[in-house]
1. Considering 180, 204, which residue is more than 14 Å from residue 257 (Cα to Cα) and surrounded by 19 or more Cβ atoms within 10 Å (Cβ to Cβ)?
2. Looking at (1) at negative phi; (2) outside any helix (DSSP H, G or I), find the lone condition where residue 104 falls short.
3. Say we look at the range 119-146 and pick out the residues that are more than 30 Å from residue 202 (Cα to Cα) and without any contact (Cβ under 8 Å) to a residue 60 or more places away in the chain; which of these is surrounded by the fewest Cβ atoms within 10 Å (Cβ to Cβ)?
4. Please indicate, with yes or no, whether at least one residue in the range 187-199 is farther than 19 Å from residue 135 by Cβ and out of contact with any strand residue (DSSP E or B) (no Cβ under 8 Å at 6 or more places or on another chain).
5. Is it true that residue 138 is touching a helix residue (DSSP H, G or I) at 6+ places or on another chain (Cβ under 8 Å), within 19 Å of residue 243 (Cα to Cα) and modelled with pLDDT of 95 or more?
6. Going by what's in this entry, would residue 191 be described as touching a residue at least 12 places away in the same chain (Cβ under 8 Å), touching a helix residue (DSSP H, G or I) at 6+ places or on another chain (Cβ under 7 Å), surrounded by 14 or more Cβ atoms within 10 Å (Cβ to Cβ) and over 19 Å from residue 165 (Cβ atoms)?
7. Which residues, counting only those in the range 241-254, are surrounded by 14 or more Cβ atoms within 10 Å (Cβ to Cβ) and part of a helix (DSSP H, G or I)?
8. For the range 135-152, state whether one or more residues are closer than 28 Å to residue 118 by Cα, in a helix (DSSP H, G or I) and under 25 Å from the mean Cα position of the chain (by Cα).
């Protein structure tokens, strides 16, 4: 028995050593050809090149700032794609998969920046309100009285390419606001900001004697606001009938009424 065990032991051990060598070689080859460094980049990583700010210092703080800038840049590109999907197909078709397809990327790329659809929709609506609000602020800078009112009204109308895109998103959310307090709150930012600007301008015009003293500025502001929203909705739903020139022509008579 001793000789038998010695015989089989001497026969098996070389086979075991050979198997270990073969398996080790397989692991090494696999890691070379299919490991993280050799694996082709997923479509996520082929995203649009991010502009590089060469003034960023090569420090921990500088690198952290550059990382945050890159994240903000890519988040904005996801929001831009969401705008395109909403304007073309409506909110019901603005799923994470649809938005990823719009960008020719994977759903995983979108969820990296917006893990949930609701968060992406909220960010897209907030971005639309920001665009519309910024146009009002820029147009009214340095103006007072009726000049402020006219500038605010014209800036609020969807008469620019960026303004129309923001209006398309803002109008699309009208049908999903019930039962969505966060969306409703974000949706109200733009009209609230516009109304505040109109009330301020009307009061200034009233003090300057351009509007009769008995007029009620908040009421006049609401009248203008409702007209603007109505025209904005028509411009989004029927862009062929409501050109920028027609929108301006339809709103102009209201200024005459204010001055009476």
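1. Just one listed residue meets the conditions, 204.
2. Condition (1) is where residue 104 drops out.
3. Taking the candidates together, the pick is 119.
4. no
5. No; evaluated as a whole, the condition is false for this residue.
6. Here the answer is no, as residue 191 does not meet what is asked.
7. 244, 246, 247, 248, 250, 251, 254
8. Looking for residues that are closer than 28 Å to residue 118 by Cα, in a helix (DSSP H, G or I) and under 25 Å from the mean Cα position of the chain (by Cα), one finds at least one in the range 135-152, hence yes.
The values are calculated or read from the model by the stated rules, or taken from the named source; none is laboratory data. Here the structure is a predicted model, which means the values were calculated and not measured. Neighbour counts are summed over all protein chains in view; Cβ atoms, including those assigned to glycine, are modelled from backbone coordinates with ideal geometry.
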